[in-house]
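Each remark here refers to the structure printed beneath this line.
Readers should treat all values here as calculations from the given coordinates under stated rules, not as data from a laboratory. Treat the numbers as computed from the prediction; the structure is a model and nothing was measured. Positions of Cβ are generated from backbone atoms using ideal geometry, with glycine treated the same way; all protein chains shown enter the neighbour counts.
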Amino acid sequence: MKLKYIILYLLLSILGINNTSAQEFNKNKDLLLANFDLKPDEDDIMAAAALACMLKHEDFEDVKYYAVAGAYGDQNHIFITSSVPDYFNKLFGSENENWTNAHNNWNASVVRAKDKILPVLNNGGKLFIQEAGQSNFTYDVLQAAIAGGMNLSTVQNNVVIVQHSKYNEKNTTPSELEWLKQNTIYKKIDDGNTSDNETPGYRSYDTKWLALAKSTDNPNKVAREIWSLADEVCDAWESTWTNKWIAAGGVDFSDCVENWNIFNLGTEANDIDSFWKKYVTNKQ
């Protein structure tokens, strides 16, 4: 009996390893869909800046991605219009080619995102979705892909959604969220907005992080420009919602815990210090 249990345990372990490896991002054929709600918290401004710094690092050379601004759900807040288009153009490149503004035109953005993901999925790649916001946009994109001929089984086996925020889940249309949980590889990881869990603490009141990023001594000129612009956008943003970390002169790019998970960064970037050294100031 003991031998049977040992064999069963080993088989389950092997299956678990295979399942984990199957969910690892392969930059040769996979695509990252980075959805930012930008409604109304400035943490999305900084999360987008952090992702842009990652994408400009040599480790992420040739990573295929598409970013979305305004991928929000049912919450009743104001969209951060000051972040687009100039800011996202600086971070990700040309509008509509590398990113789309779902706030300005939801339906056209759904079509653009669908047109980006179909070739990837049809060629055996996986779609990894960073839900730096709610999942309404993701639902519409996947429904459009299925309407365009994508097999549901392909969606079920090759679309990985990573969500970290309970707030985001609560402000997604319930029926749409339930469909996504049932028909994709849906991963709810520990909340980056809270402390003392398994995700990195990508927020701090300390003003030194922005100072290091914006300093003329920072050898990473691209990151220096990105974070200087991010700071300007956050300073100019006024709403009924106050991010207390950013308001104090600190940083909050908590939505990037999803990137940390998707790209399996582990200890390479498991806190602000290691993230800054690798992707912002080039000081390993």
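Would you please give the FRET efficiency between Thr207 and Gln182, computed as 1/(1 + (r/R0)^6) with r the Cβ-Cβ distance and R0 = 51 Å, to the nearest 0.05?
0.70
Please give every one of the lysines within straight-line cross-link reach of Lys278, meaning a C-alpha to C-alpha distance under 22 Å, and leave out same-chain neighbours fewer than 8 residues apart.
Result set, ordered by chain and number: Lys27, Lys56, Lys64, Lys90, Lys208, Lys214, Lys221.
Go ahead and estimate [θ] at 222 nm for the chain from helices alone: -39,500 (n - 2.57) per DSSP H run with n ≥ 4, summed, over the residue count, rounded to 500.
Theoretical 222 nm ellipticity from helices: -13500 deg cm²/dmol.
Evaluate the distance, in nm, between pseudo-label points positioned 7 Å from the Cα of Ala247 and of Ile78 along their respective Cα→Cβ axes.
Here the answer is 1.4 nm between the modelled labels.
Name the most mobile residue of Met54, Met46, Met150, meaning the one with the largest mean-square fluctuation, in a Gaussian network model of the chain with Cα contacts below 10 Å.
Met150
Taking all pairs of different Cα atoms in the stretch 202-284, averaging 1/r and flipping that mean, what Kirkwood radius in angstroms comes out?
In the stretch 202-284 this quantity evaluates to 13.4 Å.
Among Ala247, Ala223, Phe128, pick out the residue whose Cα is farthest towards the positive end of the charge dipole of the chain, where Lys and Arg carry +1 and Asp and Glu carry -1 on C-beta, about the Cα centre.
Looking along the dipole axis, the top candidate is Phe128.
Just how large is the dipole of the stretch 133-284 about the Cα centre, in debye to the nearest 20, putting +1 at every Lys and Arg Cβ and -1 at every Asp and Glu Cβ?
The calculated dipole for the stretch 133-284 is roughly 280 debye.
For Glu42, what residues show an amide H to amide H distance below 5 Å, using hydrogens built from the backbone and excluding near sequence neighbours?
Asn243
Give the Cα extents of the stretch 29-284 along the principal axes, in whole Å, largest first.
Principal-axis extents of the Cα atoms in the stretch 29-284, largest first: 52, 39, 37 Å.
How would Glu198, Glu95 line up from fewest to most surrounding beta-carbon atoms within 10 angstrom?
Going from least to most buried by this count: Glu198, Glu95.
Under 8 Å for C-alpha pairs, at least 6 residues apart: give me the relative contact order for the stretch 29-284, rounded to a whole percent.
That works out to 24 percent.
Quick one: dipole size for the stretch 29-284, taken about the Cα centre, charges +1 on Lys/Arg Cβ and -1 on Asp/Glu Cβ, in debye to the nearest 20.
500 debye
Assuming 0.36 nm per residue, please report the length gained on full extension of the stretch Val222 to Glu268 beyond their Cα-Cα distance.
Gain in length upon complete extension: 14.5 nm.
Could you list Glu232, Glu61 so that the one with the fewest beta carbons within 10 Å of its beta carbon is first and the one with the most is last?
Glu61, Glu232
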